[in-house]
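Below is one structure, written out as structure tokens, with a few remarks after it.
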Amino acid sequence: MKITFFGAAQTVTGSKYLIEVGGYGLLLDCGLHQGKRSIANQLNANFPIDAKKINAVILSHAHADHCGMLPVLVREGFEGKIYCTAATADITKFILHDSANIQENDALYYNKHLQEGEAPIKPIYTEQDVKKTFSYFEPVAYFRLSGQWTQLTPNIRFKFYDAGHILGSAITLLEITEEGKKKNIIFTGDLGRHFLPILRDPEFVKEPAETLIMECTYGSRIHKPVSDLELELKTRL
């Protein structure tokens, strides 16, 4: 088994983690790099993975830095399935449409105001690219609702726990069997907080794991209690 990080390592955006097991390529998230236009455009213009060698995608949630490069993946030759919860699939469609619209309009505006010697820019992907992506989604229920694992190959299966981050966000528990030995990988995606309205609290993964891939953007911070947020909002307004 080999794990390669193509984003969200030494940075907090562009999540892409490739797991390779016996010739099978599984991509965890396929996020857009966000930040300064010059840097982000350069990173997003060069997709770092051979899309044709990716057999499946597991998508943790619908934020653009986790799902925003899916249309490029499909355009580059991906033919597998994109596994995620039903809510994530629904929200991702809005996010990708919005992302394509922004890119197309930005390119149109920028190219109308080119300075001498400047090259025109192209959107990373278009609305047409986004529409092609939708047929690849394969909704999967949280394990607490279905009681079912999803089998990718005879040696790889996974299930979803609730991450409590946004609607549909999921923690992925992967079970991989190599040379007769089972190994668990936990991929948290972005984790939510407890006691938030609408969202369920993040679930605890019950199984032990040999490998943990975890977000750490706020790893050094202690958040204030949720009960303080309303008062803080009123004070700042």
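The values are calculated or read from the model by the stated rules, or taken from the named source; none is laboratory data. Worth saying up front: this structure is predicted, and the values here are computed from it rather than measured. All Cβ positions, glycine included, derive from the backbone under ideal geometry; neighbour counts span all protein chains shown.
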**Message:** If I filter segment 162-196 down to residues being under 25 Å from R221 (Cβ atoms) and acidic (D, E), which single residue comes out as modelled with the lowest pLDDT?
**Reply:** D190
**Flag if I176 is surrounded by 15 or more Cβ atoms within 10 Å (Cβ to Cβ), under 28 Å from E20 (Cα atoms) and in contact (Cβ under 8 Å) with a residue 12 or more places away in the chain** = yes
**Message:** Looking at K81, K36, can you tell me which residue is more than 18 Å from E127 (Cα to Cα) and in contact (Cβ under 8 Å) with a residue 40 or more places away in the chain?
**Reply:** K81
**Residue identified as out of contact with any strand residue (DSSP E or B) (no Cβ under 6 Å at 6 or more places or on another chain) and either farther than 22 Å from T13 by Cβ or not hydroxyl-bearing (S, T, Y) (or both) among E203, E215** = E215
**Asked** So is K181 farther than 23 Å from S15 by Cβ and either among the polar types (S, T, N, Q) or without any contact (Cβ under 8 Å) to a residue 40 or more places away in the chain (or both) or not?
**Response** yes
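To keep it simple, each residue is scored yes or no on (1) surrounded by fewer than 19 Cβ atoms within 10 Å (Cβ to Cβ); (2) modelled with pLDDT of 95 or more; (3) farther than 20 Å from F160 by Cα.
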residue	(1), (2), (3)
F5	yes, yes, yes
S15	no, yes, no
A45	yes, no, yes
H63	no, yes, no
E76	yes, yes, yes
**Message:** When the residues of segment 133-157 are narrowed to those that are part of a helix (DSSP H, G or I) and exposed (fewer than 15 other Cβ atoms within 10 Å of the Cβ), which ends up nearest to the chain's Cα centre (by Cα)?
**Reply:** S135
**Asked** Inside segment 124-173, can you point out the residues that are in contact (Cβ under 8 Å) with a residue 24 or more places away in the chain and among the polar types (S, T, N, Q)?
**Response** T126, T133, T150, T153, N155, S169, T172
